[in-house]
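Accompanying notes for the structure given below.
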Amino acid sequence: MWADWHDLLSRVRPELRLFGPEWFSVWEQTIGSQAPWTGPLEFAAVYSEEDGRLFGVMPVGHPKVGMLRVSAMGGYFQPWRIILADQTREYDVGRALGWFLIEQSWNVIQLGPWPMAHEAHAGVLSALDEFEMPIQKQSSCGLAIAELPATWEQYQEKIVGRKYLRRIANYERKLELAHRIEVQHHRHPSEA
């Protein structure tokens, strides 16, 4: 599925291309292996019947909340819990995943927080509403956006600060002396 997922990443919204299988693998091994999360992270995948191509992925973990083991989209520590979907078929992918959730008959599932502007999320809610599933919705305030300095040097000066930069350089030197390491800074990485 990893090769299919990488193919899908080229077709999702650019801001979501970070969330590849490697990202969720690391998440599962770190955050997902600690309480309240229990068991392995699972993935619901939407494939096209026409050409067998992957069109969507939804990560599902199982945290324990009190005495209940619930299903939840994985990731308290990502900006949002996101359904990855091909940009041309977001709503259809969401509908398919909504019907998948209905068929699973899970007692409780936590879907958000997620941005409602994402058509896949609207598709999931549409399918759940159509089946008259009991849904509790809660809106949050707007998203805070940080305006970052334009260049790396300005970022270092304004955000990180000279004192902290000296500490980072000191730690790098100590690591280089104690271990064989190489520290690289990638300022304009390609997609690869």
**Request:** Scan the range 1-19 for residues that are assigned to a helix (DSSP H, G or I) and out of contact with any helix residue (DSSP H, G or I) (no Cβ under 9 Å at 6 or more places or on another chain) and jot them down.
**Result:** 3, 4, 7, 8, 14, 15
**Item:** Among (1) at pLDDT 80 or above; (2) over 19 Å from the mean Cα position of the chain (by Cα), the one test that residue 190 misses
**Value:** (1)
**Residue check, residue 72 farther than 20 Å from residue 120 by Cβ and either in a loop (DSSP other than H, G, I, E, B) or in contact with a Pro (Cβ under 8 Å, 6 or more places away or on another chain) (or both)** = no
**Request:** Return the total of residues in the range 147-182 being open to solvent by less than 90 Å² (accessible area, probe 1.4 Å) and among the acidic types (Asp, Glu).
**Result:** 1
**Asked** Which of the residues spanning the range 20-47 are assigned to a loop (DSSP other than H, G, I, E, B) and in contact with a helix residue (DSSP H, G or I) (Cβ under 8 Å, 6 or more places away or on another chain)?
**Response** 20
**Restricting the range 13-35 to residues that are surrounded by fewer than 18 Cβ atoms within 10 Å (Cβ to Cβ) and of a type in the set (Gly, Ala, Ser), the residue that is farthest from residue 59 (Cα to Cα)** = 35
**Message:** Any residue that is free of Cβ contacts under 8 Å to residues at least 40 places away in the same chain, surrounded by 12 or more Cβ atoms within 10 Å (Cβ to Cβ) and within 20 Å of residue 15 (Cα to Cα) - is there at least one of those in the range 126-142?
**Reply:** no
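Rundown of residues vs (1) among the small types (Gly, Ala, Ser); (2) under 22 Å from residue 100 (Cα atoms); (3) modelled with pLDDT under 90, yes/no style:
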site: 22; (1), (2), (3): no, no, no
site: 27; (1), (2), (3): no, no, yes
site: 31; (1), (2), (3): no, no, yes
site: 36; (1), (2), (3): no, no, yes
site: 39; (1), (2), (3): yes, yes, yes
site: 51; (1), (2), (3): no, yes, no
site: 57; (1), (2), (3): no, yes, no
site: 62; (1), (2), (3): no, yes, yes
site: 66; (1), (2), (3): yes, no, yes
**Request:** Show the residue pairs that are 6+ apart or on different chains and have beta-carbon atoms under 9 Å apart, the first residue being within the range 164-192 and touching a residue at least 12 places away in the same chain (Cβ under 8 Å) and within 29 Å of residue 17 (Cα to Cα), the second being hydroxyl-bearing (Ser, Thr, Tyr) and assigned to a loop (DSSP other than H, G, I, E, B).
**Result:** 191/10
**Asked** Considering the range 100-124 alone, what residues qualify as being over 19 Å from the mean Cα position of the chain (by Cα) and either buried (at least 16 other Cβ atoms within 10 Å of the Cβ) or of a type in the set (S, T, N, Q) (or both)?
**Response** 100, 104, 105, 107
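The values are calculated or read from the model by the stated rules, or taken from the named source; none is laboratory data. Bear in mind the structure is a predicted one, so any value in this text is a computation, not a measurement. Note: ideal-geometry Cβ built from the backbone for every residue, glycine included; neighbour counts use all protein chains shown. In case anyone asks, the SASA skips ligands and DNA or RNA and just uses the protein heavy atoms, side chains included. Shrake-Rupley method; radii C 1.70, N 1.55, O 1.52, S 1.80 Å.
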